[in-house]
Amino acid sequence: MPKNTTGLFEEVCQHARRTAVMASINELLGWDERTQLPSAGAEHRADQSTLLAGLIHQRWIDEKFGGQIEELSASLSEEKDADAAVVVRRLKRQRDKKVKLPRTLVEELARTAVLGQQAWQEARRNDDFPAFQPLLERTVELKREQAEALGYPQCPYDALLDEFEPEELTANVGPVLEKLREELVPLVTSIQQSGRQPDCSVLHRKFPVEAQDRFAREAAAAIGFDFSRGRLDVTTHPFCCGLGPNDCRITTRFYEDFFNAAFFGVLHEAGHGLYEQGLPVEQYGLPSGEFVSLGIHESQSRLWENLVGRSREFWTYCYPRAQEKFPAALGDVSPDDFFFAISEVRPSLIRVEADEATYNLHILIRFELERALLDGDLQAADLPGAWNEKYQQYLGITPPNDREGVLQDVHWSAGLIGYFPTYSLGNLYAAQFFAQAEAELGNLAESFAEGDFRPLLDWLREKIHRHGQRYTASELVERVTGRGLSAAPLVEHLRTKMGPLYGL
Ligand code: ZN
């Protein structure tokens, strides 16, 4: 880089880093809100967060910053693949999107999200979809406006998907999810029809919370979560957030009468945490130090939760420890019976409780419905009916009411349209990455059985974590696995695992 360009680049990085520090303060407020805040403090917290969000937005749209980015883009146009050029390109992309949205629209979206969530909560409580419908209609209208303001390569949904999965296209994701559905529906049906079914009541015995807490912490540490650079706390709706280069917060919830929720929840969030802890510390605050997309983030959590944590070999290592921690609940349960129970596949109504196979069908339903809403092919008033029809079609069950149907998720009420597919992208990428890791590292199962997760973690660090946003999600998966997004590895994983269990 020429000398003046180097100086300019440093200035831009400095600005971006300070903005990131400010954003991390807001993240900390968010973490506190969801784990510690007394309910009466919510209003003042909203004032604090809104003020900071405004200041952060100002820093992004700052004209001097914008001018510097433009200048750098021009002078780095010859060296597209240089690290600095990638950083500038990603910053420019993020900034352009923020500049394109008129302030009135941003405020209206924020206001509608608050009102929408209130209306949704009330509607869900009373099982009263019509009470939520006007807010949903308004949200869809605003999201259309947002898509038009942002612009899109092919269809309006692209613009909304891009918020969570940058540079991904509906035309790329749609057919892969469609393929997944074609494979999964018959697989789930044959599992349902199998005469062999697990006894899941063993997972609903008494599991003292204190022992669960210790056991989950040991497992998170065993897979590599660094508790000197992170914490585990209790919350209602578990999440993971990176507050800084050496401060990653994960959360969970405990049920004394259900083993899976906390344990697999912690593995999931610790998987997110391992990604955060694997991002290059020295790049903090720059795109080169940030996660690629929600789909890639979710691939890391799902990989540890399902591909590792629900593998037989993981439990070869872990089950004797589990029996030691929960002698009353698991003392008389054989490892095979336990493994079958945690691997259960059963169509259910609620997405967040779904197993690793049916989960993606829940996502597909939402993906199809939200696209139809956005395109105007489906009216909000007809949504509950369309929802129930698809549940019958894909999962063979019909929700008895809207509370357990169309009103179960917060996303649409909060304006999060285009978010759902990232969950399935996470599952697909996880299976792709895992299959590739096995191809390169040999039989990972053997190391799991010995409680050694280091080879896999090192591989993920090397192939994925350390690159930050060097590559887009599509580029990364292509680069790491030699192919684009594909349903095949996930389908293969589920067939290989469920076949012997269910005697298919
Ligand atoms: Zn997650």
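The values are calculated or read from the model by the stated rules, or taken from the named source; none is laboratory data. From a predicted model like this one, the values you see are computed outputs, not experimental measurements. A quick note on method: Cβ atoms are made from the backbone with ideal geometry, for glycine too, and the neighbour counts reach across all protein chains shown.
Of note:
- Residue that is nearest to the chain's Cα centre (by Cα) [pool: residues in the range 415-439 that are more than 16 Å from the ligand (Cβ to nearest atom) and part of a loop (DSSP other than H, G, I, E, B)]: GLY418
- Pairs meeting the criteria (first residue in the range 18-42 and within 18 Å of ASN246 (Cβ to Cβ), second residue of a type in the set (A, V, I, L, M) and outside any helix (DSSP H, G or I), beta carbons under 6 Å, at least 6 apart or on different chains) are SER24/LEU243; GLU27/LEU243; LEU28/LEU243.
- Qualifying residue in the range 59-76 (condition: surrounded by 15 or more Cβ atoms within 10 Å (Cβ to Cβ), modelled with pLDDT under 95 and farther than 17 Å from ASP96 by Cα): yes
- Taking each residue of the range 261-272 that is closer than 12 Å to PHE215 by Cβ and looking for partners that are near the ligand (Cβ under 8 Å from one of its atoms) and part of a helix (DSSP H, G or I) with beta-carbon atoms closer than 9 Å, six or more apart or interchain, yields LEU267/SER301.
- In the range 292-339, the qualifying residues are those that are outside any helix (DSSP H, G or I) and either among the aliphatic types (A, V, I, L, M) or surrounded by 22 or more Cβ atoms within 10 Å (Cβ to Cβ) (or both), and the one that is farthest from the ligand (Cβ to nearest atom) is VAL333.
- Being closer than 29 Å to TYR394 by Cβ and in a helix (DSSP H, G or I) is a description that applies to ALA113.
- Taking the range 147-168 as the range and being closer than 19 Å to ASP377 by Cβ, of a type outside the set (Ser, Thr, Tyr) and buried (at least 16 other Cβ atoms within 10 Å of the Cβ) as the test, the residues that pass are ALA147, CYS155, PRO156, ASP158, ALA159, LEU160, LEU161.
- The number of residues in the range 205-246 that are within 19 Å of LEU456 (Cβ to Cβ), more than 16 Å from the ligand (Cβ to nearest atom) and either assigned to a loop (DSSP other than H, G, I, E, B) or within 19 Å of the chain's Cα centre (by Cα) (or both) comes to 2.
- Scan of the range 99-142 for residues that are touching a helix residue (DSSP H, G or I) at 6+ places or on another chain (Cβ under 7 Å) and free of Cβ contacts under 8 Å to residues at least 60 places away in the same chain, ordered by number: VAL99, LYS100, LEU101, PRO102, LEU105, GLU108, LEU115, GLU122, ALA131, ARG138
- Looking at LEU169, LEU161, just one residue is over 30 Å from ASP247 (Cα atoms) and among the hydrophobic types (A, V, I, L, M, F, W, C), and that residue is LEU169.
- Cβ-Cβ under 6 Å pairs, at least 6 apart or on other chains, the range 311-324 side at pLDDT 95 or above, far side outside any helix (DSSP H, G or I): TYR317/GLY451
- Residues in the range 340-367 that are of a type outside the set (Phe, Trp, Tyr), in a helix (DSSP H, G or I) and farther than 22 Å from GLU389 by Cα: ALA341, ILE342.
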